[in-house]
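Chemist: Take a look at the following structure, please.
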2 protein chains.
Amino acid sequence: MTESDLSRLADLAVSVGANVQPGQIVGVSAELDHRDFVHALAASAYDHGAKFVDVSYIDPLVKRARIEFAPDDSLEYVPPWYGQRVLALGEQRAAVITIRGTTVPGALDGLDPKRAGRDQLPRVKETNVVVNERTVNWTIVAYPTLPWARLCYPDLDDEAALARLWEEVKHVSRLDEPDPLQAWEARLDELERASEALTEAHLDAVHFEGEGTDLTIGLLPTSIWRMARWSTVDGIRHLPNVPTEEVFTSPDPMRVDGHVRSTKPLVLSDGTLVRGLHVRFEQGRAVEITADEGAEVLRGRTQIDEGAARLGEVALVDRESRIGQLGTVFYETLLDENAASHIAFGSGFSFAVETDEDRARVNESAVHIDFMIGGDDVDVTGLTREGERVPVLRGGVWQLTTVNAA
Amino acid sequence: MTESDLSRLADLAVSVGANVQPGQIVGVSAELDHRDFVHALAASAYDHGAKFVDVSYIDPLVKRARIEFAPDDSLEYVPPWYGQRVLALGEQRAAVITIRGTTVPGALDGLDPKRAGRDQLPRVKETNVVVNERTVNWTIVAYPTLPWARLCYPDLDDEAALARLWEEVKHVSRLDEPDPLQAWEARLDELERASEALTEAHLDAVHFEGEGTDLTIGLLPTSIWRMARWSTVDGIRHLPNVPTEEVFTSPDPMRVDGHVRSTKPLVLSDGTLVRGLHVRFEQGRAVEITADEGAEVLRGRTQIDEGAARLGEVALVDRESRIGQLGTVFYETLLDENAASHIAFGSGFSFAVETDEDRARVNESAVHIDFMIGGDDVDVTGLTREGERVPVLRGGVWQLTTVNAA
């Protein structure tokens, strides 16, 4: 990493990711050891005319102290000003940048998973409101930290591991292109064609089939396939995730049946690693969750509310994904979910359906937990309302003619 | 410093300083490199039954980026949620702990002092409201950091400097006593007797006299001398500063005349060092501010509003002060102001007078800047309404008989 890498990554987050406008407040969510990147982000945001950069630093070890020592009846408590700040950022039409890249791996190791599962912070429910109202231009970006690099490349020494993570993050963020903005526009054009073709096919369901997987996910009558070319109510374009490689929608939370095997490990927001996950669904509900590691914490999360054991998202990723091509397991959902097709327990996206009737049917929950189920050897097939089977992904390649036509 | 020093200092802040009650929210203000102490505070607060520990981390280098790069018309802006959080902590009857001990000395070096002076954060005006309404049990505590230790003892190596700062902070915090709480009670008893004797003397003014100093500070008709034995509206006792050695009141902001020399350097909230300060007052207003170093930034601060060039506080410190006895210059107002008698530009304390009429006369300002003017060779004399001169401090010793009587 050079000074220039740091400021180029910050500029990408500010200009391509959040697309900060002159006069905007910029909310930043960071962990303490993201500070060098935060300083680069602040400089870049002010350089783009930001009015104020409001950094909220999160400390996983303060969360640990809470789970370890706080009175049992207080663990769900969230001070009202946490959500009020998020709503105020929406009212002010702010930009919001969230930084990912673990700084304290295993921060919650050895704690009671039931107590850990009851503290949802730093996530607050008001974030869903602002996202659905599209009042902020927001982005989540990856920043390479040493603890994260050690997790990804345990066989390398510290210096080599961090250098490799920087190289890979630059590659998947398309910072190694002569013109990263143009490279993003080209990739987003492809994803937009895929999403349009899927939406126009008016599928009734999608079927995932591969070793250990035979899962049918029903869609809602007006499910729309979305990709990351977003804009706010005021027409400010932004990329919610940098990087992003996915096309996604919200399924019918009552019509998911079959069983599925995860194709990548997943890391929960508290740092718990879940490996070798198997889930069986009946009428939309996960009725059986097993794993080689981490099953208990995940089961705890899916019991938080009625919607936590149902699906809020199904997302398709083709083999052109730079993350999938690398083959690295990043132990970080922001990157790993863009390596492969995935589904998510919990909250769905009201903007991914067209009618109020369907919006009322989109899954609701305090959690949103993505896990990867796709890959080159998992076929994805669309089921039309007429009972036809339409190939969607074979060997990781889009089968929808319009996608590859352009 | 040992693990035990850290947790004993945290316990002192939680139990003696803020006096955290079961079920309370505890707001903590810290800089990023205070994190080890924050974790100890969180553990101790939860151990005392706290409902939630809400840590607000402040990053001086984000402030630097603002002053360096933000649009010129935005520098006074404060997001509304900053003040709302402070007011909400009051409404919730929270405890509040603020940590002092510089982590990034010179964070604002080389910046335009006029731009720097316009950004008042992290101070927000709502803090004055909550302090005056006495709705939170709050404390400010000193935590030894390496950058701070280097500043205090430039001739020692890092390890020795930090060890010495820990020893001195433990000493002035009375953590080296077998029973720190009892040691504090004994010292607070003395300060309470001094404050009562001063209040009962109904002085019209106090006169400071020594080399370079001949200053008369008029008091308000109902000025009450206060010390740090405070309690909230709900009767929760707390120590606003740990350590504390002072007896103070709010003077008449229109009746200060003469000239005064600072007896210790002072460090402004932005890190600017002011040495060799001389101030001349006419009818309450500082009409001349000179210094060997830092005069320009201080002059800028005193021009922020009408009250910034007038006095909000006069405080007396006797030679029993452990801080004064050490003779160390800590470059940190929390400690240095307790080494010697001092006065403060800016906001006064409405609780330091008795009538609404006098409350309306107490100085108001967005700033509060203490500077030290006392010492063993500065005599403090009370002037009664009858024109009598009553010795108050001679050679740093209380001359009010009731103080030493007990």
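Chemist: If we scan region A:106-122, do we find a residue that is out of contact with any Phe, Trp or Tyr (no Cβ under 6 Å at 6 or more places or on another chain), among the small types (Gly, Ala, Ser) and over 25 Å from A:SER365 (Cβ atoms)?
Modeler: Yes.
Chemist: Of B:THR199, B:THR222, which residue is surrounded by fewer than 20 Cβ atoms within 10 Å (Cβ to Cβ) and either under 26 Å from B:ALA95 (Cβ atoms) or under 22 Å from the mean Cα position of the chain (by Cα) (or both)?
Modeler: From the options B:THR199, B:THR222, the qualifying one is B:THR199.
Chemist: Residue under question is A:VAL55, and the condition is that it be open to solvent by less than 60 Å² (accessible area, probe 1.4 Å), in contact with a His (Cβ under 6 Å, 6 or more places away or on another chain) and at pLDDT 95 or above; does it hold?
Modeler: So A:VAL55 fails the test.
Chemist: In contact with a helix residue (DSSP H, G or I) (Cβ under 6 Å, 6 or more places away or on another chain), assigned to a loop (DSSP other than H, G, I, E, B) and modelled with pLDDT of 90 or more: does that describe B:GLU386?
Modeler: For B:GLU386, the condition - in contact with a helix residue (DSSP H, G or I) (Cβ under 6 Å, 6 or more places away or on another chain), assigned to a loop (DSSP other than H, G, I, E, B) and modelled with pLDDT of 90 or more - is not met.
Chemist: Name the residues in region A:256-274 that are touching a Ser or Thr at 6+ places or on another chain (Cβ under 8 Å) and under 21 Å from A:THR213 (Cα atoms), would you?
Modeler: A:VAL256, A:ASP257, A:GLY258, A:HIS259, A:VAL260, A:ARG261, A:LEU266, A:VAL267, A:VAL274
Chemist: Can you pull out every residue in region B:138-151 that is more than 16 Å from the chain's Cα centre (by Cα) and buried (at least 20 other Cβ atoms within 10 Å of the Cβ)?
Modeler: B:PRO144, B:THR145, B:TRP148, B:ALA149, B:LEU151 - these are the residues of region B:138-151 that are more than 16 Å from the chain's Cα centre (by Cα) and buried (at least 20 other Cβ atoms within 10 Å of the Cβ).
Chemist: Yes or no: region B:133-142 includes at least one residue that is under 25 Å from A:VAL38 (Cβ atoms) and not assigned by TED's automatic domain parsing to the domain that holds B:ASP234.
Modeler: Looking through region B:133-142, none of the residues is under 25 Å from A:VAL38 (Cβ atoms) and not assigned by TED's automatic domain parsing to the domain that holds B:ASP234.
Chemist: A further question on this structure: Give the residues of region A:305-346 that are of a type in the set (A, V, I, L, M), closer than 22 Å to A:ARG359 by Cα and in contact (Cβ under 8 Å) with a residue 40 or more places away in the chain, sorted by residue number.
Modeler: Within region A:305-346, A:ALA308, A:LEU311, A:VAL314, A:ALA315, A:LEU316, A:ILE343 qualify.
Chemist: Which of the residues spanning region B:68-82 are surrounded by 17 or more Cβ atoms within 10 Å (Cβ to Cβ) and in contact with a helix residue (DSSP H, G or I) (Cβ under 7 Å, 6 or more places away or on another chain)?
Modeler: B:PHE69, B:ALA70, B:LEU75, B:TRP81
Chemist: If the Cβ limit is 6 Å and pairs must be 6+ apart or interchain, which residue in region B:172-190 that is at positive phi and touching a residue at least 40 places away in the same chain (Cβ under 8 Å) pairs with which residue that is open to solvent by less than 50 Å² (accessible area, probe 1.4 Å) and not aromatic (Phe, Trp, Tyr)?
Modeler: B:ARG174/B:PRO180; B:ARG174/B:ALA183
Chemist: Given the options A:VAL124, A:VAL141, name the one that is modelled with pLDDT under 95, closer than 30 Å to A:LEU6 by Cα and touching a helix residue (DSSP H, G or I) at 6+ places or on another chain (Cβ under 6 Å).
Modeler: Of A:VAL124, A:VAL141, the one residue that is modelled with pLDDT under 95, closer than 30 Å to A:LEU6 by Cα and touching a helix residue (DSSP H, G or I) at 6+ places or on another chain (Cβ under 6 Å) is A:VAL124.
Chemist: If you don't mind, there's one more thing I want to ask. In region B:175-229, how many are touching a helix residue (DSSP H, G or I) at 6+ places or on another chain (Cβ under 8 Å) and in a loop (DSSP other than H, G, I, E, B)?
Modeler: Count: 12.
Chemist: Touching a helix residue (DSSP H, G or I) at 6+ places or on another chain (Cβ under 7 Å), open to solvent by less than 20 Å² (accessible area, probe 1.4 Å) and part of a loop (DSSP other than H, G, I, E, B), is that true of A:VAL28? Reasoning before the result, please.
Modeler: On the way: touching a helix residue (DSSP H, G or I) at 6+ places or on another chain (Cβ under 7 Å): yes; open to solvent by less than 20 Å² (accessible area, probe 1.4 Å): yes; part of a loop (DSSP other than H, G, I, E, B): no.
So A:VAL28 does not fit the description; no.
Chemist: Which residue pairs have Cβ atoms closer than 6 Å, lie 6 or more positions apart in sequence or on different chains, and pair a first residue in region A:62-89 that is in contact (Cβ under 8 Å) with a residue 40 or more places away in the chain and more than 7 Å from chain B (Cβ to nearest Cβ) with a second residue that is hydroxyl-bearing (Ser, Thr, Tyr) and surrounded by 17 or more Cβ atoms within 10 Å (Cβ to Cβ)?
Modeler: A:VAL86/A:THR127
Chemist: Just checking, how many residues over region A:50-61 are among the polar types (S, T, N, Q) and facing chain B (nearest Cβ under 7 Å)?
Modeler: Total satisfying the criteria: 0.
Chemist: Going by the structure shown, is A:GLY106 away from chain B (no Cβ under 11 Å), at pLDDT 95 or above and over 29 Å from A:LEU175 (Cβ atoms)?
Modeler: It is false that A:GLY106 is away from chain B (no Cβ under 11 Å), at pLDDT 95 or above and over 29 Å from A:LEU175 (Cβ atoms).
Chemist: If I filter region A:33-49 down to residues being facing chain B (nearest Cβ under 7 Å) and touching a Pro at 6+ places or on another chain (Cβ under 9 Å), which single residue comes out as surrounded by the fewest Cβ atoms within 10 Å (Cβ to Cβ)?
Modeler: That would be A:GLY49.
Chemist: Okay, next question. B:GLY218: under 21 Å from B:GLY382 (Cα atoms) and small (Gly, Ala, Ser), yes or no?
Modeler: Details: under 21 Å from B:GLY382 (Cα atoms): yes; small (Gly, Ala, Ser): yes.
Criteria met by B:GLY218.
Chemist: Here are some conditions: (1) within 14 Å of chain A (Cβ to nearest Cβ); (2) open to solvent by less than 30 Å² (accessible area, probe 1.4 Å); (3) of a type in the set (D, E, K, R). B:ARG174 meets all but one. Which one does it not meet?
Modeler: (1)
Chemist: Consider A:ARG115 against the criteria (1) crowded, with 17+ Cβ neighbours inside 10 Å; (2) within 13 Å of chain B (Cβ to nearest Cβ); (3) under 15 Å from A:SER269 (Cα atoms): it satisfies all of them except one. Which criterion is unmet?
Modeler: Failing condition for A:ARG115: (1).
Chemist: Can you tell me which residues in region B:112-130 are of a type outside the set (A, V, I, L, M) and touching a Leu at 6+ places or on another chain (Cβ under 7 Å)?
Modeler: Selection gives B:ARG115, B:ARG118, B:ASP119, B:GLU126.
Chemist: Would you call B:VAL86 in contact with a Ser or Thr (Cβ under 8 Å, 6 or more places away or on another chain), crowded, with 21+ Cβ neighbours inside 10 Å and not assigned by TED's automatic domain parsing to the domain that holds B:GLU245? Walk me through it before giving the result.
Modeler: Values: in contact with a Ser or Thr (Cβ under 8 Å, 6 or more places away or on another chain): yes; crowded, with 21+ Cβ neighbours inside 10 Å: yes; not assigned by TED's automatic domain parsing to the domain that holds B:GLU245: yes.
Yes; evaluated as a whole, the condition is true for this residue.
Chemist: Looking at B:GLU167, B:GLU200, B:GLU177, B:GLU159, which one is in the same structural domain as B:GLU296 (by TED's automatic domain parsing) and over 30 Å from B:GLN303 (Cβ atoms)?
Modeler: One residue alone meets the criteria, B:GLU200.
Chemist: So, in region A:237-294, exactly how many residues are in a strand (DSSP E or B) and open to solvent by less than 40 Å² (accessible area, probe 1.4 Å)?
Modeler: Final tally of qualifying residues: 20.
Chemist: Could you say whether any residue in region A:11-25 is facing chain B (nearest Cβ under 9 Å), closer than 29 Å to A:VAL233 by Cβ, in contact with a Phe, Trp or Tyr (Cβ under 6 Å, 6 or more places away or on another chain) and in contact (Cβ under 8 Å) with a residue 24 or more places away in the chain?
Modeler: yes
Chemist: Being assigned to a loop (DSSP other than H, G, I, E, B), touching a Lys or Arg at 6+ places or on another chain (Cβ under 9 Å) and crowded, with 18+ Cβ neighbours inside 10 Å is the requirement here; does B:LEU9 meet it?
Modeler: No; evaluated as a whole, the condition is false for this residue.
Chemist: Looking only at region A:13-25, which residues are among the hydrophobic types (A, V, I, L, M, F, W, C) and crowded, with 24+ Cβ neighbours inside 10 Å?
Modeler: If the condition is that a residue be among the hydrophobic types (A, V, I, L, M, F, W, C) and crowded, with 24+ Cβ neighbours inside 10 Å, then A:ALA13, A:VAL14, A:ALA18, A:VAL20 are the ones that fit.
Chemist: Please return the ranges of helices (runs of 4 or more DSSP H) entirely within region B:305-361 where 2 or more residues are more than 12 Å from the chain's Cα centre (by Cα).
Modeler: Passing ranges, in order: B:322-326, B:356-359.
The values are calculated or read from the model by the stated rules, or taken from the named source; none is laboratory data. Please read all numbers here as calculations on a predicted model, not as lab measurements. Positions of Cβ are generated from backbone atoms using ideal geometry, with glycine treated the same way; all protein chains shown enter the neighbour counts. What goes into the accessible areas is simple: the full protein's heavy atoms, side chains included, and nothing from ligands, DNA or RNA. Shrake-Rupley method; radii C 1.70, N 1.55, O 1.52, S 1.80 Å.
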